[in-house]
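Enquirer: Okay, here's the structure, questions in a sec.
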Amino acid sequence: MLGTLSLLFSLSLRNIVRYRRRNFFLFAAIAIAVGGTTLSNSLIRGWQVDMLETAVSGLSGHIKMQAPGFADDPSLQHAFSAGTSITLNPSLPTVGFAKRINLPAVISSERETRGVAIIGIDPANEGISFYRDFQIAGETLTGAEDGRLLIGNALAETLQTTVGRRVVTIVEGADGKSLERGYRIAGVFDAPIEWSENMLVFTGLEALQGALGTQQLADPITELSVVLQSDEDRPPAIEQLARQHPQLVVTDWRQMQPQIAEMVDLVDATMVIWFFLIMSALTFGLVNTLIATVMQRTQELGMLRALGMNKQLLLIQVVMECVGIMIVGVVAGLLLGVVLVFGLGDGIDLSAFSESVEAFGMSTLLKPVLALEDLLLFGGLSVLVGLFASFFPARRALKISPLMAMNR
């Protein structure tokens with residue numbers, strides 16, 4: 001049996017090499033289809049990864065802990081102690097965590113007034129958020145005790161103010177009363193996501209705690225964000241933290257940003273659908289070409305039948321040829337796709353469509369992401385498509401009889 005299969009493989013390989021021109025165009029068509037699909041799917045995967053990173057880095061982290069009632073009434077009345085500890089199993093490694101005060105506020109310059117969120121941070125712990133990506137004109141916050149403000153470039157333009165100028169904020173203090181306080185602007189940041197430039201202002205956590213008062217707690221915070229090394233660790237991490245701190249509300253980024261979570265889940269289905277659309281179109285052309293090839297080889301196939309090759313062996317030979325062509329084309333297509341992805345290594349600048357892009361939870365730089373699992377999936381599915389396409393020419397070949405070949 002092995003000798004028979006080896007002979008059929010040799011015949012199939014010889015036929016592939018013999019019809020070089022015809023098979024070259026088949027290889028090229030398959031390679032272009034698979035390469036284009038690999039590139040497009042890497043861009044879609046990059047979109048998914050970008051949405052996930054944007055969601056996690058946007059001050060929420062993978063997991064956020066807050067006091068009960070804060071979501072409905074964001075005030076210092078619903079704060080908890082900064083001494084709250086984070087203890088996770090070693091099997092759930094973290095990138096880091098950040099403690100903050102995040103409260104709605106009103107900011108005013110000499111000319112304009114806007115509603116914002118004032119956020120007290122420790123800059124040393126904000127490497128887990130998009131704060132690390134800020135490009136700052138002026139000075140950055142030096143630490144948790146720094147009582148100056150860091151505002152966005154878009155907000156600075158709206159307020160018609162700049163570095164070194166003073167602004168006034170109004171925020172609810174620990175006693176529930178409005179607290180008005182003046183700040184000097186330390187720096188103006190340019191952020192990857194434009195809405196943060198309009199809506200967020202930052203100051204030192206300890207400085208903000210001192211300004212708001214601490215009637216109920218000595219060291220209050222309103223949120224604690226945790227970033228894990230892998231999003232797959234999120235469910236067990238939530239379970240552990242909820243058991244450790246039943247007095248707090250433990251949520252993840254999917255609960256806080258359900259629209260982005262739905263889009264992230266939709267990407268996997270989109271990739272499969274897009275792949276089958278491309279490969280279905282390729283299959284029709286492949287089947288027609290292979291059937292025409294079989295008809296051109298009527299005499300050859302009829303001669304093989306006359307020499308004693310049965311229908312099963314003829315079927316195997318034709319399928320081997322078709323699948324061999326598909327494998328070579330798929331490998332070439334995957335290599336082409338990898339080259340195209342590396343050619344776009346710097347990403348695609350979408351800043352001209354910033355408003356639309358940010359509505360989908362993306363940054364304005366789309367970088368393709370090439371995953372080994374995707375390459376294996378596309379390669380395997382492509383070969384299966386080739387196996388399916390080989391059925392039709394093989395069936396046509398079985399209808400060729402020695403008598404038909406002699407009459408050609």
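Enquirer: Just to verify a result, which residue in region 320-350, among those that are surrounded by fewer than 20 Cβ atoms within 10 Å (Cβ to Cβ) and under 18 Å from residue 391 (Cβ atoms), is modelled with the highest pLDDT?
Expert: The extreme case among them is 327.
Enquirer: Let me ask you something else. Which condition number does residue 17 fail, the rest of (1) surrounded by 19 or more Cβ atoms within 10 Å (Cβ to Cβ); (2) of a type in the set (Val, Ile, Thr); (3) modelled with pLDDT under 85 being met?
Expert: With respect to (1) surrounded by 19 or more Cβ atoms within 10 Å (Cβ to Cβ); (2) of a type in the set (Val, Ile, Thr); (3) modelled with pLDDT under 85, residue 17 is out only on (1).
Enquirer: Give region 207-236 a look and list any residue that's touching a His at 6+ places or on another chain (Cβ under 7 Å) and among the aliphatic types (A, V, I, L, M), or say none.
Expert: Residues satisfying the conditions are 226, 227, 228.
Enquirer: While we're looking at this one, here's another question. Every residue in region 91-131 that is acidic (Asp, Glu) and either at pLDDT 90 or above or within 27 Å of residue 239 (Cα to Cα) (or both), please.
Expert: 112, 122, 126
The values are calculated or read from the model by the stated rules, or taken from the named source; none is laboratory data. Note that the structure is predicted; figures quoted are calculated from it, not measured. Glycine gets a Cβ as well: all are built from the backbone with ideal geometry, and neighbour counts include every protein chain shown.
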